[in-house]
Amino acid sequence: MPINRDALYRFRIIDICLRNSKRVWTTEYLLEVLNNKLEFKYGDGTRVSRTTLLSDLEAMKSLFEAPIDDYDVGKKKAYYYTIDNYSFFSIPVSEGELEHVKDAAHMLRQQKGFTTAIGLSEIARKLENRYEPSEPRRRLISFQGAPSVKGLEHLDFLYRCIKQKTPVSIVHQPFGSDNARQRTVHPYMLKEDDHRWYLFGYVPDKESFGAFGLERIKSADTIDVPYIESTLHDNEDYFRHVLGVTVYSAEEVQEIELLFSQKMKPYIETRPLHHSQQTEATASGQLLARYQLKLNPELTSRILSYGPDVTVLKPQRLVDEIKKALKNTQAQYE
């Protein structure tokens, strides 16, 4: 647990003493200096026992890995730092720990709540214990937690493969299929959409890009084949003209026109469906929205989610798809 302010101050005094390697810091001498400093700061009578000093030394060694050792001076014990120029209040971060921090920072900039890990948690624990008092803190920012979904156990492994440019072999079972297929994927990016994670990469046997839902990946392992670099300037470009992650290569980008009700108008204006959204208010107070998109199931599903508050004006093919979906839904209640 985080140390309190009193212990933190005592650690500072002990650290200052041990950094002075020209003196012999016996238990008695350390205790004398420590109590003098405590009385000067907090007033007469503010002293600690020999037991407290020994507990502090042990905590610095065992909890925070301070390089403290002792030797005999007659019948007494003397303490010292085994590493020259060491300071307990420096922040030693190994290259491996620094890599964990950079990885987590990179991902957190893109996806709030995404954690890489145990490595970062351990670093945070060390820094918190060393520098922060044990005072309760109120939450200042609250993010909506994603529902629990399968496949998240693959996140860290796949991220490492992407970073290290390592091809992977996955066993993937698409929705609606009873059979799983083994695929070789040259991984380029992890993409989140609607609380689900997808692996995006190049699939040699299809000679095309593909996105695979992590919850449908049964297993994943590295394979020893040459890595194929992405030909995309930005991997997000692959999804630039769709809602969601389903991209049909044969589909052309089309102008989509949707007419939203007056009630939905402020919601669509403040939270566009897509970055290509262009809007104009109608004389009746409705909102006409235009998009440059490829048709896919996610677009149809999103439109249906608005119910009677949206009307598809064009293209006709999308109008027909929405009509068919609504008829099928109505038939279930007849």
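Going through the stretch 14-25 one residue at a time, which ones are β-branched (Val, Ile, Thr) and either part of a loop (DSSP other than H, G, I, E, B) or crowded, with 18+ Cβ neighbours inside 10 Å (or both)? If the condition is that a residue be β-branched (Val, Ile, Thr) and either part of a loop (DSSP other than H, G, I, E, B) or crowded, with 18+ Cβ neighbours inside 10 Å (or both), then Ile14, Val24 are the ones that fit.
With respect to the conditions (1) under 24 Å from the mean Cα position of the chain (by Cα); (2) within 30 Å of Asp309 (Cα to Cα); (3) crowded, with 19+ Cβ neighbours inside 10 Å, Phe200 lacks only one, and its number is (2).
Among residues belonging to the stretch 1-48 that are hydroxyl-bearing (Ser, Thr, Tyr) and at pLDDT 90 or above, point out the one that is farthest from Met60 (Cα to Cα).
Step one: filter the stretch 1-48 for residues hydroxyl-bearing (Ser, Thr, Tyr), giving 9, 21, 26-27, 29, 42, 46.
Checking the rest, the ones that are also at pLDDT 90 or above come to 26-27, 29.
Values: Thr26: 17, Thr27: 15, Tyr29: 18 Å.
So the residue we want is Tyr29.
Residues of the stretch 277-292 include none that is buried (at least 16 other Cβ atoms within 10 Å of the Cβ), at pLDDT 95 or above, in a helix (DSSP H, G or I) and charged (D, E, K, R). Looking at this structure, is Met60 modelled with pLDDT under 80, crowded, with 16+ Cβ neighbours inside 10 Å and assigned to a helix (DSSP H, G or I)? No, not satisfied. Filtering the stretch 247-271 to residues that are under 20 Å from Pro315 (Cβ atoms) and in a loop (DSSP other than H, G, I, E, B) leaves Val247, Tyr248, Ser249, Ala250, Glu251, Glu252, Val253. Residues in the stretch 34-47 that are closer than 19 Å to Ala78 by Cβ, out of contact with any helix residue (DSSP H, G or I) (no Cβ under 6 Å at 6 or more places or on another chain) and surrounded by 14 or more Cβ atoms within 10 Å (Cβ to Cβ): Asn35 alone.
The values are calculated or read from the model by the stated rules, or taken from the named source; none is laboratory data. Note that the structure is a prediction, hence the values are computed from the model and not measured. Positions of Cβ are backbone-derived with ideal geometry, glycine not excepted, and every protein chain shown enters the neighbour counts.
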